[in-house]
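*Asks:* Have a look at this one before I ask anything.
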Amino acid sequence: MTSRELVVDTLEFRSPERTPRQLWVLPWADRTWPAELAAIRKKYPDDIVQSPGFLTEPLKTQGDEYAPGLYVDEWGCRFENRQAGIIGEVKEPRIAAWSDLDGLRLPKERLSVDVRKVDDFCAASGAFVHARTIVRPFELLQFLRGPENLYVDLAERPDGLFRLIEKVHRFYLEELELWASTDVDALFFADDWGSQNSLLISPILWREVFKPLYRDYAEIAHRHGKYIFMHSDGHIAAIFPDIVEIGVDAINSQLFCMDVEELGRRFAGKITFWGEVDRQHLLPYGTPNDVRAAVGRAKRAFDRHGGVIAQCEFGIGARPENVAAVFETWNRLS
């Protein structure tokens, strides 16, 4: 089977020949463990890949987002970074006052995708291909307004907040419609919604303000015959039923922040669990045997003739032997 066929069988619960895999790599791992990372990639190649952007117009950014110093993204948000290999933080909001909203420039360059090149890339790849989208309304609102301002906004409901959400959302809809017209297999959106043990806002507020946005994204994907994938860090058990309801096909979340077995009892067979293995504790501080036990736990909880993808992140502090153990164990259990 091709990698694409493996992933599709997994998403459709059709007993794939093995569990498909994907490794996420932060630049820190490239710089710290280059030889070990190359060996893992060679032995366990990804079944899921992301298409290049193939933009005909370059993004108007400044600096390197993974290098110490200042990085300005395509929305004009200014990130200050002190550590190589990871992304910095926005210290000054782009929209400090609502009068700044009219001057917000949309990054139209992200819509200059060469569709033919994307389609050629998909045709040449045997992998399951994601769109090169960075759709993250909640995180972008934090970058534009600053986290403190945004949480106050969500409590006080100023008109400017909803004008900003509408502006961002319309742009994301246009971006997703564009990518849905290509031959990619899936669209993708991401927002980190969880703290270590709860949602960052009340589930009621999440359902009122943000769930309709995500429902629109899923509708675009399915209308065009694509799958829709979602990522969210933290403890998000409170909104798992909503994620399933709006039609998300695969969810990447920090499973080990939550009750793995309870998630499996409630949602296995209804959505594909796109990883992951605990990158806070196990990958940096555990042993390969600890990792093998965690993978076995995930397989028992989530595998229903498919419905699980062997994904993990090689990020800050992770040990290469533990990352390798993730994929070795999934292969053996498959």
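*Asks:* Taking amide hydrogens as modeled 1.01 Å from N in the peptide plane, which residues meet the under 5 Å criterion relative to residue 25, leaving out close sequence neighbours?
*Replies:* Residues meeting the criterion, in which the H sits 1.01 Å from N, are 314.
*Asks:* A further question on this structure: Taking the Cβ of each residue in 228, 271 as the centre, tally the other Cβ atoms inside 10 Å and list the residues starting with the fewest.
*Replies:* By the 10 Å Cβ count, ascending, the order reads 271, 228.
*Asks:* Which residue, 264, 63, 126, has the most motion in a Gaussian network model of the chain that connects Cα atoms within less than 10 Å?
*Replies:* Of the options given, 63 has the highest mean-square fluctuation.
*Asks:* Work out how much length residue 59 to residue 265 would gain on full extension: take 0.36 nm times their residue separation and subtract the Cα-Cα distance, in nm to one decimal.
*Replies:* Result: 69.7 nm gained on full extension.
*Asks:* Once you've got the GNM for the chain with C-alpha springs shorter than 10 Å, pick whichever of 151, 172, 71 has the biggest mean-square fluctuation.
*Replies:* Residue with maximal mean-square fluctuation among 151, 172, 71: 151.
*Asks:* Which ordering of 312, 257 is given by a fewest-first count of other beta-carbon atoms within 10 Å?
*Replies:* Arranged by neighbour count, lowest to highest, 312, 257 become 257, 312.
*Asks:* Residues of the range 221-264 with the amide nitrogen closer than 19 Å to a label point 7 Å from the Cα of residue 202, along Cα-to-Cβ, please.
*Replies:* It comes to 236-242, nothing else.
*Asks:* Cα to Cα, under 17 Å, and not fewer than 8 places away if on the same chain: which aspartates and glutamates meet these conditions relative to residue 91?
*Replies:* Residue 91 reaches 64, 65, 73, 74, 80, 100, 139, 148.
*Asks:* Turning to a different aspect of this structure: Distance from the Cα centre of the range 14-75 to that of the range 209-224, in angstrom?
*Replies:* 25
*Asks:* So how do 108, 117, 226 line up by other beta-carbon neighbours within 10 Å, fewest first?
*Replies:* Arranged by neighbour count, lowest to highest, 108, 117, 226 become 108, 117, 226.
*Asks:* Quick one, could you list the DSSP H helices from the chain stretching 27 Å or more along their long axis (Cα atoms) with average Kyte-Doolittle hydropathy of -1.0 or above?
*Replies:* Membrane-span-like by this rule: 159-180.
*Asks:* Here's a follow-up. Just grab the label-to-label distance for residue 86 and residue 287, each label 7 Å out from Cα along the Cβ direction, in nm (one decimal).
*Replies:* About 2.7 nm, to one decimal.
*Asks:* Cα to Cα, under 16 Å, and not fewer than 8 places away if on the same chain: which aspartates and glutamates meet these conditions relative to residue 270?
*Replies:* Those aspartates and glutamates meeting the cut-off are 9, 12, 242, 245, 249, 261, 262, 303.
*Asks:* While we're on this one: Given the convex hull of the Cα atoms of the chain, what is a quarter of its surface area in nm²?
*Replies:* Directional mean of the projected Cα hull area for the chain stands at 16.1 nm².
Bear in mind these aren't lab numbers, they're just calculated from the coordinates by the rules spelled out. Bear in mind the structure is a predicted one, so any value in this text is a computation, not a measurement. Please note: Cβ atoms are built from the backbone with ideal geometry, for glycine as well, and neighbour counts cover all protein chains shown.
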